[in-house]
1. With a/c under 1.5 counting as rounded, go ahead and sort chain A into rounded, prolate or oblate using the C-alpha gyration tensor (a ≥ b ≥ c being the square roots of the eigenvalues; past the cut-off, prolate if a/b is larger than b/c, else oblate).
2. If you count the DSSP beta bridges with both ends in the range A:2-206, what percent of them are antiparallel, to the nearest 5?
3. Place a +1 charge on the Cβ of each Lys and Arg in the range A:2-206 and a -1 charge on the Cβ of each Asp and Glu, then give the dipole magnitude about the Cα centre in debye, rounded to the nearest 20.
4. Please list the three semi-axes, largest first and in whole Å, of the ellipsoid equivalent to the range B:51-205, using sqrt of 5 times the eigenvalues of its alpha carbon gyration tensor.
5. Set the Förster radius R0 to 41 Å, insert the Cβ-Cβ distance between A:Val18 and A:Leu98 as r into 1/(1 + (r/R0)^6), and round the FRET efficiency to 0.05.
6. What's the extension gain from A:Ala28 to A:Glu304 if we count 0.36 nm per residue and subtract their Cα-Cα distance?
7. Around B:Asn299, what is the net charge, scoring Lys/Arg as +1 and Asp/Glu as -1 over all other residues with Cβ under 12 Å from its Cβ?
8. Kindly flag which residue pairs out of B:Lys176/B:Lys273; A:Lys121/A:Lys281; A:Lys121/B:Lys273; B:Lys92/B:Lys182; A:Lys235/B:Lys181 have an alpha-carbon separation exceeding 24 Å in this structure.
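Computed from the coordinates by the stated procedures, all read-outs in this text should not be read as laboratory data. For clarity, every value in this text was computed on a predicted model and none was experimentally measured. Using ideal geometry, Cβ is built from the backbone for each residue, glycine included, and neighbour counts are taken over all protein chains shown.
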Amino acid sequence: MYIHQHICISPQQTNGVVDLEAIHPSSAGKLLALEPKLGGVPPGMLRRMSKAVRMGIGAGLPLIKEVNVDGIIIGTANGGMEDCIQFLNQIIDYEEGLLTPANFVQSTPNAIAGQLSLITKNRAYNATHVHNGLAFENALIDAKMSLAEKPDTQYLVGGIDEISSYNYNIDQLAGWYDSTKSNEDLYTSTAPGTIAGEGAAMFVINNNAAAALGRIDAIEAFQSMDQEQVEARFKNFLSTYNTDINHTLFISGENGDSRFLPGYTSCELAIGSSIPVVRFKHLTGEYPTSSSFALWLACQALAEQSLPAHFYKNEHNLTQIDRVILYNQYQGLQHSFILVSR
Amino acid sequence: MSRIVVTGIGIITAIGETADENRDSLIHAKTGIGKARFFNSRYTGQLPFGEINQSTELLAEKLGIENNIATRTDLLALHAAKQAIIDANLSKEDLSGNDTALIGGSTVGGMCLTDEMYADANAAGISNSPYLTSYSNSANTSFLQRYFNVGGLVNTFNTACSSSANAIMYGARLLKNGLAKKVIAGGVDSLSKYTVNGFNALMILADEPCRPFDSERKGLNLGEGAAFLVLEREEDASGKRVYAEVRGYGNSNDAFHPSSTSVEGEGPYLSMKRALEVAGLSPEEINFVNAHGTATENNDETESAAMLRLFGTPPDFASTKSYTGHTLGAAGAIEAVYSIISLQHQEVYPSLHFTQAITATGLSPITTYKQKNLQHIMSNSFGFGGNCTSLIFSKM
């Protein structure tokens, strides 16, 4: 399957005129996405939208306003988490008194796919995958199956998550975030925890090779706490799909959390020390569907045939990029490999 | 193209903790809706619920879960998934294989712990809460993955009240597309202050046992439960007991309103129509519809309108939500199990508390138990956000 258009909303200048040279700094351990102005959304609707929904509409709507898609397939771990906790707070603070339903209706994770279909009157296939660090990967697999079932169709596929003050709080209590870390020295840290991030990356995907931005050759997604098993499956993935590792880039989800560095390193070694390693979480922070940003970055690398120096983990002499292999893991449990080529 | 078959079923609801117990209640028109004993909310005494008659502690004890990190949602999911896995005779090696997938669906997830989540979301400093990774709506699927060491693809749907119907659809498609050889698919939800207050704020909770498709219906009752199916390709299931075929599935978005269905039931109509297309069946070949039938003003009328439009004269139909209450993300899987046991025993179960048809549509559900020749049953699940999914199960 082939990627044709994409829009990426992130904490960096990735939407509209792309500038990946200058990096916006994180603040208090968070990287907040830069939101575009939303056109084509009724004001009453806009006022009630959470940031996750606004980002989803901002990335998705321009792609499907002109082009008819045969399905809207979204991956989001949390959807409108801020609304969810606002409603939760009302329940407790008002001791289950009579509440207004607006936050409740907006809090469902399928609000993004639902609003996109509502605004465009799209009554086709509509799905919301919420399985944390595999939510976007499942959205891609869903699209892949849809294209196998009906080859002449096309789909909007996206990954979105927001930082809400509340899920940040819960994840920080659980030890996933360290608010003293910043994106300027993310990878030199030897302590657990990372910085929080958010964003929305959306893609129009179909079977047409002509003028495509990239081809997704393979996706593998699974859960495991056993690093040796992850490495074995990565090796198997490489031998199954990737016969040629010349002109190949490896995008790693390394996030500065010392606990996960060995896992990323073992996959780097498995692919071979001659392959340049690119990292991206100093631009995005960590969030469950950050692999959607990584896929956008892979398309960017294939289109430009280079990336700014700050992305590279080591010195490299890569002058031609024909394929990109992504490895991302979330909270040490969820792992995915994606192979993208020109 | 391979046929996708059901080789294991597992279920727990307010009307029983096995498929046999559920069937017994359905045959004898025994509802599970009544006064809740374990759910703790301001509304516990005021509203009827389809509560599972066991404390969370007892559920944990019976499943041999000793630590206190499993939520009620996790435990209900484990109860049903374990039954289905044993029923389909899946071995440890089967479960850990890279081609065994686990697909769940849930709306509440770990938010059954409303008060705990409130405390943690607003806590300052250090927390000793055991639930920090339990709140998400995918936490219960990860709990099952770790418990059973499932080796293949793992996913959770949240398309509101059609979540587990989409999980079953996705699971069947993974098998058809060769992306898995065995799939455990289903869903779970437990009673939660979160959903009770949400539906209460929308003013669609009835203060009496719900009356699906009745002209005087007053809204829905919330319930809880879980159901899982084991799905395999027919050629991989030889020698196994096969309950039914997953013959068709259709999904559409109504694209009308975040929390109500369009008057003409466009989304429901399209999901049913697409399910027929995938199944290669004409409308008159459907022998029975397990309706979404929540007993809200909006759903029952729009679902009726969609059935009239699709079928002309609709086949027999009923809503089992008059037994279980609306189990939200679990409803699609629970009603899939009911459709499957209907096919297995060639019988249909009555809708409860119905007296008079809705004037605009004039459709009446069946109100008495009967034996009937059944080849194909359609099961509908429609949710907030416009998400509509229909499944078709067929006798082998």
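1. Numbers: a/c = 1.70, a/b = 1.23, b/c = 1.38.
Oblate shape, in that a/c is at least 1.5 and b/c is the bigger or equal ratio.
2. Numbers: 17 of 28 bridges.
About 60 percent, rounded to the nearest 5.
3. Details: 12 positive and 21 negative charges, 131 e Å.
Here the range A:2-206 has a charge dipole of around 620 debye.
4. Numbers: eigenvalues 151, 70, 44 Å².
Semi-axes from the Cα gyration tensor: 28, 19, 15 Å.
5. Numbers: r = 48 Å, r/R0 = 1.18.
Given R0 = 41 Å and the Cβ-Cβ separation, E is 0.25.
6. On the way: separation 276, 0.36 × 276 = 99.36 nm, distance 3.27 nm.
Separation in residues times 0.36 nm, less the Cα-Cα distance, equals 96.1 nm.
7. Details: positive: B:Arg217, B:Lys321; negative: B:Asp254, B:Glu297, B:Asp300, B:Glu301, B:Glu303.
That works out to -3.
8. Values: B:Lys176/B:Lys273 20 Å; A:Lys121/A:Lys281 35 Å; A:Lys121/B:Lys273 18 Å; B:Lys92/B:Lys182 13 Å; A:Lys235/B:Lys181 22 Å.
Beyond 24 Å: A:Lys121/A:Lys281.
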